[in-house]
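K.L.:
Got a structure here, written out as structure tokens. Questions coming.
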Amino acid sequence: MDQKADIKTLYYEELEALIKKCGLPAFRAGQIFRWFHNNLARDFDDLKNVGKETIGILKENAALYPLTIVRVLESKLDGTKKFAFALHDGNIIESVFMRYKHGNSVCISSQAGCRMGCRFCASTVNGLARNLTASEMLEQVYEIGRITGERISNVVIMGSGEPLDNYDNTIRFIRLISDSEGYNMSRRNITLSTCGLVPQIKKLADEDLPVTLAISLHAPNDELRKKTMPIAQKYSVADIRDACVYYFEKTGRRVTFEYSVIKDLNDGRETIDELARYLLPLHCHLNLISVNPIKERNYARVGDFSLAGIKKTLENKGINVTIRRRLGSDIDSSCGQLRLETMSEIKTQGKEGLS
């Protein structure tokens, strides 16, 4: 028996082929694609532009994998909302909804967990459970759009997981959410964050997808980077720089670097001077981030005054830099925190149920 197609992962042409295989007229593909990706239909029965017979045929030949809301936290400071979603197999992921002057943004997960092992990130604490499908990535955006009743204009692939470690599904997600027949999000409003998988960065540059590339750098040299990021054992900061130059040459898109400032580790004057020397030739943008302490690690954040001082030092050396606005600071909105807490609570409840 053939496995049913995950219908929301299909490109328009693939959906059209499925529709024809099912004995339906080709024009149905456009109706179904738009209703799922533009009207945000959650279930087959939500398709209001086709008849019951067509819906029945779709149910026999295709599948949907909606998310289930497990927990929602809302910031009293700025209205940021953080969602813990359960996947169909019980894995937990998280997403964040943020309002900005330029529009609504959603930070999505690309994996359930992560295997990169960055020591300041809660996403990696329990390792990688599995990759997300393109439809599971899409559903984070769509479900939050349904819940809020608001258009999502920007997506940041910066939640749990390393998107370039789930390369094919991530690329499929980007192409689907930007499809002019569907949600039609501008590719320039999509940011992909990576810890620096160099071959995949170069591969992404050749995809003709002008998304914003964000590099989680966090140290200007290999020795320091290896203390917090295991990926530094494989790819050097020089390798990353070369890949970023290639990305800019191929796409014309300025690369963003992320730098989580950790007290007494990467915030010293000599380290910041070295960071400036590394970044200056790249004509990039730098986001300074005050690291979010998690109980599984012993890193401490620096104060706002120290961040401002680092920003001024870098600006004086010609670096384009901003301090990332800390949205949802009262709800632990950094990567992996809510997922970790939710998994712990589910595990505890399960044990209590067995006692």
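The values are calculated or read from the model by the stated rules, or taken from the named source; none is laboratory data. As the structure is a prediction and not an experimental result, all values here were calculated from the model. As a convention, Cβ positions derive from the backbone with ideal geometry for all residues, glycine included, and neighbour counts pool all protein chains shown.
K.L.:
Tell me the residue from Gln200, Gln233 that is in the same structural domain as Lys250 (by TED's automatic domain parsing) and farther than 28 Å from Ser153 by Cα, please.
P.N.:
Numbers: Gln200 fails: farther than 28 Å from Ser153 by Cα.
From the options Gln200, Gln233, the qualifying one is Gln233.
K.L.:
Go through Ile272, Ile262 for me and flag whichever is surrounded by 17 or more Cβ atoms within 10 Å (Cβ to Cβ), more than 18 Å from Gln200 (Cα to Cα) and at pLDDT below 95.
P.N.:
Details: Ile272 fails: at pLDDT below 95.
From the options Ile272, Ile262, the qualifying one is Ile262.
K.L.:
Tell me, please, whether a residue that is in contact with a strand residue (DSSP E or B) (Cβ under 6 Å, 6 or more places away or on another chain) and either part of a helix (DSSP H, G or I) or closer than 26 Å to Ile323 by Cβ (or both) can be found in region 219-236. Please lay out each step first, then the result.
P.N.:
Filtering region 219-236 down to residues in contact with a strand residue (DSSP E or B) (Cβ under 6 Å, 6 or more places away or on another chain) leaves none.
Checking region 219-236: not a single residue is in contact with a strand residue (DSSP E or B) (Cβ under 6 Å, 6 or more places away or on another chain) and either part of a helix (DSSP H, G or I) or closer than 26 Å to Ile323 by Cβ (or both).
K.L.:
Looking only at region 303-355, which residues are surrounded by fewer than 16 Cβ atoms within 10 Å (Cβ to Cβ), at pLDDT 90 or above and not basic (Lys, Arg)?
P.N.:
Correct list: Ala308, Gly309, Glu315, Asn316, Gly318, Asn320, Thr322.
Table: residues versus (1) hydrophobic (A, V, I, L, M, F, W, C); (2) part of a helix (DSSP H, G or I); (3) crowded, with 16+ Cβ neighbours inside 10 Å.
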site	(1), (2), (3)
Glu13	no, yes, no
Glu16	no, yes, yes
Ile19	yes, yes, yes
Pro25	no, no, no
Ile32	yes, yes, yes
Trp35	yes, yes, yes
Asn39	no, no, no
Arg42	no, no, no
Asp45	no, yes, no
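K.L.:
Any idea which of Leu87, Leu40, Leu67 is of a type in the set (A, V, I, L, M), modelled with pLDDT of 95 or more and on the phi > 0 side of the Ramachandran plot? Write out each step before concluding.
P.N.:
Numbers: Leu87 fails: on the phi > 0 side of the Ramachandran plot; Leu67 fails: on the phi > 0 side of the Ramachandran plot.
Criteria check complete, one pass: Leu40.
K.L.:
Sticking with this one: Among the numbered criteria (1) more than 22 Å from the chain's Cα centre (by Cα); (2) surrounded by 17 or more Cβ atoms within 10 Å (Cβ to Cβ), which one does Ile240 miss?
P.N.:
Result: Ile240 passes all but (1).
K.L.:
Could you check region 128-146 and list, in sequence order, the residues that are out of contact with any Asp or Glu (no Cβ under 7 Å at 6 or more places or on another chain) and farther than 12 Å from Thr68 by Cα? Explain how you work it out, then say what you get.
P.N.:
Initial filter on region 128-146 (out of contact with any Asp or Glu (no Cβ under 7 Å at 6 or more places or on another chain)): 128-132, 134, 136-146.
If the condition is that a residue be out of contact with any Asp or Glu (no Cβ under 7 Å at 6 or more places or on another chain) and farther than 12 Å from Thr68 by Cα, then Leu128, Ala129, Arg130, Asn131, Leu132, Ala134, Met137, Leu138, Val141, Tyr142, Gly145, Arg146 are the ones that fit.
K.L.:
Among the residues of region 90-113, write down those that are out of contact with any Lys or Arg (no Cβ under 6 Å at 6 or more places or on another chain) and closer than 19 Å to Ile346 by Cβ.
P.N.:
Taking region 90-113 as the starting set, the residues that turn out to be out of contact with any Lys or Arg (no Cβ under 6 Å at 6 or more places or on another chain) are 90-91, 93, 95, 98-111, 113.
Gly90, Asn91, Ile93, Ser95, Ser109, Gln111, Gly113, listed by residue number.
K.L.:
Now for a different question. Under 7 Å by Cβ, and 6 or more places apart or on different chains, what pairs join a residue from region 195-206 that is within 21 Å of Cys121 (Cα to Cα) with one that is surrounded by fewer than 19 Cβ atoms within 10 Å (Cβ to Cβ)?
P.N.:
Matching pairs, first to second residue: Val198/Asp239.
K.L.:
Then there's this: Please find, within region 91-143, the residue that is modelled with the lowest pLDDT out of those that are assigned to a strand (DSSP E or B) and of a type in the set (Phe, Trp, Tyr). It would help to see each step written out before you state the result.
P.N.:
The initial filter retains those residues of region 91-143 that are assigned to a strand (DSSP E or B), namely 92-100, 103-108, 111-113, 128-131.
This time we only want the ones that are of a type in the set (Phe, Trp, Tyr), so: 97, 100.
On the way: Phe97: 97, Tyr100: 91.
Here the answer is Tyr100.
So that you can scan it fast, the table gives a plain yes or no per residue for (1) in a loop (DSSP other than H, G, I, E, B); (2) of a type outside the set (Val, Ile, Thr); (3) crowded, with 17+ Cβ neighbours inside 10 Å; (4) modelled with pLDDT of 95 or more:
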position: Arg151; (1), (2), (3), (4): yes, yes, no, yes
position: Gly161; (1), (2), (3), (4): yes, yes, yes, yes
position: Leu164; (1), (2), (3), (4): no, yes, yes, yes
position: Asn169; (1), (2), (3), (4): no, yes, yes, yes
position: Thr191; (1), (2), (3), (4): no, no, yes, yes
position: Ile215; (1), (2), (3), (4): no, no, yes, yes
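K.L.:
Can you work out which of the residues in region 34-59 that are touching a residue at least 40 places away in the same chain (Cβ under 8 Å) and closer than 23 Å to Leu87 by Cβ is farthest from the chain's Cα centre (by Cα)? Write out each step before concluding.
P.N.:
Initially, region 34-59 is screened for residues touching a residue at least 40 places away in the same chain (Cβ under 8 Å), giving 34, 36-38, 40, 42, 58.
Of the ones still in play, those that are also closer than 23 Å to Leu87 by Cβ are 36-37, 40, 42, 58.
Values: Phe36: 21, His37: 19, Leu40: 20, Arg42: 21, Leu58: 30 Å.
Per the criteria, the residue is Leu58.
K.L.:
Please enumerate the residues belonging to region 171-189 that are in a loop (DSSP other than H, G, I, E, B) and crowded, with 19+ Cβ neighbours inside 10 Å.
P.N.:
Step one: of region 171-189, the residues in a loop (DSSP other than H, G, I, E, B) are 178-186.
Answer for region 171-189, where residues must be in a loop (DSSP other than H, G, I, E, B) and crowded, with 19+ Cβ neighbours inside 10 Å: Ser178, Gly182, Tyr183, Met185.
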